[in-house]
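The values are calculated or read from the model by the stated rules, or taken from the named source; none is laboratory data. Treat the numbers as computed from the prediction; the structure is a model and nothing was measured. Neighbour counts are summed over all protein chains in view; Cβ atoms, including those assigned to glycine, are modelled from backbone coordinates with ideal geometry. With ligands, DNA and RNA removed, areas are computed over all heavy atoms of the protein, side chains included. Shrake-Rupley method; radii C 1.70, N 1.55, O 1.52, S 1.80 Å.
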Amino acid sequence: MPLLSPPEYSYLRTSLLSEPPIRPDLRSLTAFRPLAAELTLLPTTHGSSRLFLPDGSECIVGIKPELSAHPSFEVSIEIAGLRDDDPMAVLLAGMVADTIRAQVHERLRTSGNWSSGAAEGMETAGGAQTRGRPWGWKLYIDVVVVSPPASHPGGLVSLAVHLALRDLRLPKLVSAPEEDPVFDDDYEACEWLFPREAGAGGIPAVREGGKGMNKADTPAVTVLVAAVGDNVLFDPTREEMVVADCVAAVSVTRDGSVGGLRMLETGSGGENGGVGRKVVNRIVKEVGVAAGGLFESLDQIVRTSI
């Protein structure tokens, strides 16, 4: 975190406590910094994304599937300048996994890739039945934060993983239930894990405003928010984090449901230290309200990549 001189610290905190609050870059409280995104850029993966932020932070995500006895996924994160086992990388991997677990497991369990392989009278627990043994996909989600992040990379990584998952295509099963799994070798025949076409897998298309979609249609995302007094700031800069009373990572779904809240820093700017229930309730409420606009922006990125 940057070191602010006492006058800088006092000026910034006073500005954020004012009514209305004034942020250094003049954004509104719920506005995110502009970002640039690119999908389907890694040819050896089945889904990939690249995300840039104005402060120079950059993240690349690649996803590869593998046949496994049970559907699952694994997240690994590398951050430039840090060891693989650095606490920050371990924390981010766990945070990302917790955020996407419900939606990814649901899609792996119900995906049409293996629904045609269900044998009559046999249970399909997330995969087609082959010779009495279930199988499914295991996803390897590899994340690289290319440049040392200027601020906490939690939001950047979460958005990049979200976009890579929506870019993920899995091979189409063509074998019979009683046979070993065989897939169509035509890449164009691959099916989206989170379908984009109307009616595919029973999921509506990505349409303006995301209308007709629910929280299971797309992965959840993690949003970073900072509280300064009674004001809640979305996507805080590193300077705003320094003067904040607390910084939280909040996972939210398309319909505004908050799935989890993790405090990253507490009492860094407050006079009394700690975080009150009122502040936590305010954070949850504000994130739920702003979720719709965030997912509409992500939908727009997906639409433009088609």
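Just one of the listed residues (76, 15) is within 15 Å of residue 142 (Cβ to Cβ) and not in a loop (DSSP other than H, G, I, E, B), and it is 76.
Give the residues of segment 9-28 that are under 23 Å from residue 149 (Cα atoms) and either in contact with a Pro (Cβ under 8 Å, 6 or more places away or on another chain) or open to solvent by 100 Å² or more (accessible area, probe 1.4 Å) (or both), sorted by residue number. Within segment 9-28, 12, 26 qualify.
Please verify whether residue 140 is of a type outside the set (Asp, Glu), open to solvent by 30 Å² or more (accessible area, probe 1.4 Å) and closer than 30 Å to residue 87 by Cβ, treating the condition exactly as stated. Yes; evaluated as a whole, the condition is true for this residue. Take the conditions (1) more than 25 Å from residue 287 (Cβ to Cβ); (2) of a type outside the set (Ser, Thr, Tyr); (3) free of Cβ contacts under 8 Å to residues at least 60 places away in the same chain; residue 20 misses just one of them, which is (1). Of the residues that sit in segment 69-85 and are surrounded by fewer than 16 Cβ atoms within 10 Å (Cβ to Cβ) and modelled with pLDDT under 90, which one is farthest from residue 156 (Cα to Cα)? Step by step, filter segment 69-85, then rank; the result is 69. Summed over segment 22-53, the residues that are within 21 Å of residue 293 (Cα to Cα) and assigned to a loop (DSSP other than H, G, I, E, B) give a count of 13. Within segment 65-91, residues that are closer than 19 Å to residue 103 by Cβ have Cβ atoms under 9 Å from residues that are of a type in the set (Ser, Thr, Tyr) in these pairs: 65/140; 71/111; 73/140; 74/140; 75/140, counting only partners at least 6 apart in sequence or on another chain. Residues of segment 172-204 that are touching a Gly at 6+ places or on another chain (Cβ under 8 Å), at pLDDT below 85 and assigned to a loop (DSSP other than H, G, I, E, B): 175, 176, 177, 181, 195, 204. When segment 153-186 is filtered for residues that are open to solvent by 30 Å² or more (accessible area, probe 1.4 Å) and either touching a helix residue (DSSP H, G or I) at 6+ places or on another chain (Cβ under 7 Å) or closer than 18 Å to residue 260 by Cα (or both), the ones remaining, listed by number, are 172, 177.
I'd like to check which strands (runs of 3 or more DSSP E) are fully inside segment 227-306 and have at least 1 residues that are modelled with pLDDT of 90 or more and open to solvent by less than 10 Å² (accessible area, probe 1.4 Å).
Details: elements: 231-234, 246-252, 258-266.
Answer list for segment 227-306: 231-234, 246-252.
Look through segment 29-45, keep the residues that are under 17 Å from residue 144 (Cβ atoms), open to solvent by 50 Å² or more (accessible area, probe 1.4 Å) and not hydrophobic (A, V, I, L, M, F, W, C), and return whichever of them is nearest to the chain's Cα centre (by Cα). Step by step, filter segment 29-45, then rank; the result is 38.
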